[in-house]
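Inspection log for the structure reproduced underneath, given as structure tokens.
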Amino acid sequence: MFDFVHENKKMVQIVLALIVLPFALWGVSSYDKAGKSTDVVATVNGTKITQQEYDNTLRQQQDRLRQQLGAKFDAAMLENPEMKRAVLDGLISQRLLVERAKAIRLAVSDERVAQVITGIEAFQDSGKFDKKRYESVLANQNMSPLIFEGRVRDELLGQQLQDAYAQNGFAANNIADNVIHLNEQKRVVSVASLSLQPFMAQAKVDEVALKKYYEQNSSEFHVPEQAKVEYVKFSADDLLAKVEVSQEDARKYYDEHQNDFGTPEERDAAHILITVNAAAPQSEQDAAKIKAEQLLQQVRKNPARFAELAKQNSQDPGSAAKGGDLGFFGRGMMVRPFEDAAFALKAGEISGLVKSDFGYHIIELVAVKPPKVLPFDEARENIVNKLRQQKAADKFAELAEKFSNAVYEQSDTLKPAADLVGAKIERSPWLIKGTAVAEPWTTKMLHAIFNDEVIKNKRNSPAIEVAANTLVAARIVEYKPASVRALSEVQEVIKQKLLRQQALELAIQQGKSMLAQLQSGNKPTLSWGAAQSLTRAQQGSLDAGLVRQIFQANAAKLPQFVGAEDAQNGYILVRIDTVTEGAAIDDAKRARYAQQLRQLTGEEISHAYLADAKRQATIKVNLPESEILGAAPKNDTVQP
């Protein structure tokens, strides 16, 4: 078993170490209790979803989007009500899946939870699970290991149930064959387009039509509120240049974080294990100890026989066949008594009996791989940059509340707040209500600006966090209320739009007339394009609706003709010249299609199961519609 852990350390690096025992003691019941004093945003059959859990999930979604989108990320994305509703729906679905999984007695082992957690890169140091980093990362998220491990267990439990449906889709061979025939059939077509441009000369628009369109479509000419602001932007990045890091600070950090600058010491050990359960009767434990002591005496008499004795007697099935060899491992990879003994030996030495939860070990230290540490001079620049960022973040945290207070308390000017943090007051271009652009003009910032307090009372906006460690406060210097553009300003735009509509209608009429002639056997003069081959999956530049018509057309007698309106240009006519069936279906192709169909049907089964679970559940959402789109008023029951 020790050998198994070592060889699979990337997956289960510390299954046998300190983190496993708490799993046995901390369960989901403890996790549920952790949120009892917290505000509740929803309940699912009486099970609570707390405000903290909801906020954490939103923040995690924001972090994922920031990583995926990079420079294109806009924090305003999560201000979108649909996004918030999706996050809450996900939590509701998870609760239902966990509840139903428990009801049918599904379970997730401690080892599986450990595999997942130790495989998370954020908890690793140099590719290995680090318990201190694990606890530190969770602490930064205001989360205890108890809560996190409970949530991981729940995620796995819900996924186990969902997979039971998703992985059991069905696809008969005849269905797969039909899909292959449909998907791989090719139709060779030629296209003729009737543009609306030649019909523009026939179109006419009078003053009455212009005025009527303007009156009936005034919303098209609505101009939203606009404002120019002066603003102060305060961020941790602005403080970087003002932060000094001394040589002593850098050296202290280097000395205290040696593991960050190299490879820690590793040891290659072999062992002989006589297993006995820690909870076994004393008689069994005594018998195991006696057997281990006898082996220890044989090893000490002739150390060269260690590998031979391990093969013959060790009860660790993974390492016994290799003479007990476990290979190289570092701190945190083995249970504590074994680790302490192994790291106390010198190369070639053999330990006394070492007792662990697995039984009695006799350990031989085969070799030592000393730590390799990057010299301070080479690491100094990175350390200084890291400490500078940390100090800037600390200084930002120290000044952020003072900055916000200065903005609020002296609400008729931004100068005191700007002076406090050493920032300059800048001017914006025209900002449009409801139209977020690049940072800092996020949806949240615009909402703060286009506010009665800011507009009517001419106060500063609150200090808004527009990005991580970045606050912005603004005040309006120019303002334009919402308005509707005058007819004189937009009449030319309206005229061109109406002329185009008329020309489009004429082109469509002409196109339909030509299609009727073609279908009746006549041959109107048309300029057909080059032949092109289409499949249902490879549609070229044609609209999906038109391609659907092409493949629905009766191919018994060719050519066939279909047509469709083109809202941008006019009308499109298509001539179907030939139809070619796909290649013969072999077993490999059938198997590939069947697998995809099973996956699709399995996903549909899973979605249907979850939808049915929601219909049968009592779900209460305690957030107002203004905050979560589609949620019911507080304490009303929702049936999604």
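No lab work stands behind these numbers, since they all come straight from the coordinates. Owing to the predicted nature of the structure, the values given are computational and were not obtained by experimental measurement. A quick note on method: Cβ atoms are made from the backbone with ideal geometry, for glycine too, and the neighbour counts reach across all protein chains shown.
Rounded if a/c is under 1.5, else prolate if a/b beats b/c, else oblate: with a ≥ b ≥ c from the C-alpha gyration tensor eigenvalues square-rooted, which is region 505-604? In terms of gyration-tensor shape, prolate. Model label sites at Gln390 and Asp177, defined 7 Å from Cα along the beta-carbon direction, differ in position by 6.9 nm.
Once C-alpha pairs closer than 8 Å and six or more residues apart are averaged by separation and normalised to the residue number of the chain, the relative contact order reads 25 percent. Computed from the Cβ-Cβ distance with R0 of 35 Å, the FRET efficiency linking Gln282 to Lys322 stands at 0.60. Need the list of lysines near Lys415 for cross-linking: C-alpha distance under 19 angstrom, and skip anything on the same chain fewer than eight residues off. Within the straight-line limit of under 19 Å, Lys415 reaches these lysines: Lys228, Lys233, Lys402, Lys424, Lys458.
Per-residue 3J(HN,Hα) values for region 86-94, derived from phi via the Karplus relation 6.51 cos²θ - 1.76 cosθ + 1.60 with θ = phi - 60°, read 4, 5, 5, 4, x, 5, 4, 4, 4 Hz in sequence order (x marks Gly and Pro). Kindly identify region 162-275 as rounded, prolate or oblate by the Cα gyration tensor criterion: order the square roots of the eigenvalues as a ≥ b ≥ c, call it rounded if a/c is under 1.5, otherwise compare a/b with b/c, prolate if a/b is larger, else oblate. Note, shape of region 162-275 comes out oblate. In the calculated pair-distance distribution of region 175-222, the portion above 18 angstrom amounts to 68 percent of the Cα-Cα pairs.
Could you tell me the distance between the Cα centroids of region 350-373 and region 299-335, to the nearest Å? When both Cα centres are located, 9 Å separates them. With the Kirkwood sum run over all distinct C-alpha pairs, the chain has a hydrodynamic radius of 32.7 Å. Compute the long axis of helix 51-69 from its Cα atoms, compare it with the longest principal axis of the Cα atoms of the chain, and write down the angle in degrees, 0 to 90, nearest 10. So the inclination is approximately 70 degrees.
Approximating the spin labels as points 7 Å out from Cα along Cα→Cβ, the Glu111-to-Ser533 distance works out to 5.3 nm. Taking only the C-alpha atoms of region 265-370, the Rg (one decimal) and the largest Cα-Cα distance, Dmax (whole number), read 12.9, 42 Å. For Asp357, put the label point 7 Å out on the Cα→Cβ axis and report which residues of region 106-139 keep their amide N under 15 Å from it. Under cut-off, by backbone N: 109-115. Taking every DSSP helix (H) stretch of at least 4 residues in the chain, weighting each as -39,500 (n - 2.57) and dividing the sum by the residue count yields a mean residue ellipticity at 222 nm of -15000 deg cm²/dmol. Cβ-Cβ distance of Asn140 and Asp586, R₀ of 56 Å, FRET efficiency by 1/(1 + (r/R0)^6): the value works out to about 0.50. Excluding residues fewer than 8 places away in the same chain, name every one of the lysines whose C-alpha is closer than 22 Å to that of Lys497. Counting by Cα, and skipping residues close in sequence, Lys497 has these lysines nearby: Lys204, Lys211, Lys212. Our note on the geometry: Cα centres of region 183-222 and region 96-128, 57 Å apart.
In the chain, the longest principal axis of the Cα atoms and the axis of helix 173-184 are about 50 degrees apart.
Shape class for region 119-166, computed from the alpha carbon gyration tensor (a ≥ b ≥ c): oblate, with a/c not under 1.5 and a/b at or below b/c. For a straight C-alpha distance cut-off of 14 angstrom, the aspartates and glutamates reachable from Lys589 (same-chain residues fewer than eight places away being disregarded) are Asp177, Glu184.
What residues from region 447-481 fall in the zone where the backbone N is under 20 Å from a label point 7 Å along the Cα-to-C-beta line of Ala438? Of the residues in region 447-481, 447, 465-474 have backbone N under 20 Å from the label point off Ala438.
Between Gln294 and Ser483, the modelled labels are 10.3 nm apart [label points 7 Å from Cα along Cα→Cβ]. Here the 3J(HN,Hα) profile of region 486-493, calculated from phi with Karplus coefficients 6.51, -1.76 and 1.60 at θ = phi - 60°, is 5, 4, 4, 7, 10, 5, 5, 4 Hz, Gly and Pro shown as x. For region 101-182, the list of trypsin sites (Lys or Arg not before Pro) that fall in a loop by DSSP and count at most 16 other C-beta atoms within 10 angstrom reads Arg105.
Give me the number: length gained by fully extending Lys186 to Lys369, i.e. 0.36 nm times residue separation minus the C-alpha to C-alpha distance, one decimal in nm. Write out the running numbers ahead of the final one.
Working: separation 183, 0.36 × 183 = 65.88 nm, distance 6.40 nm.
So the extension gain works out to 59.5 nm.
Using 0.36 nm per residue and subtracting the Cα-Cα separation, the extra length available between Glu426 and Ala347 on full extension is 21.7 nm.
Can you figure out the FRET efficiency of Gln60 with Thr578, using R₀ = 60 Å and their beta-carbon distance, to the nearest 0.05? Rounded to the nearest 0.05, the efficiency is 0.65.
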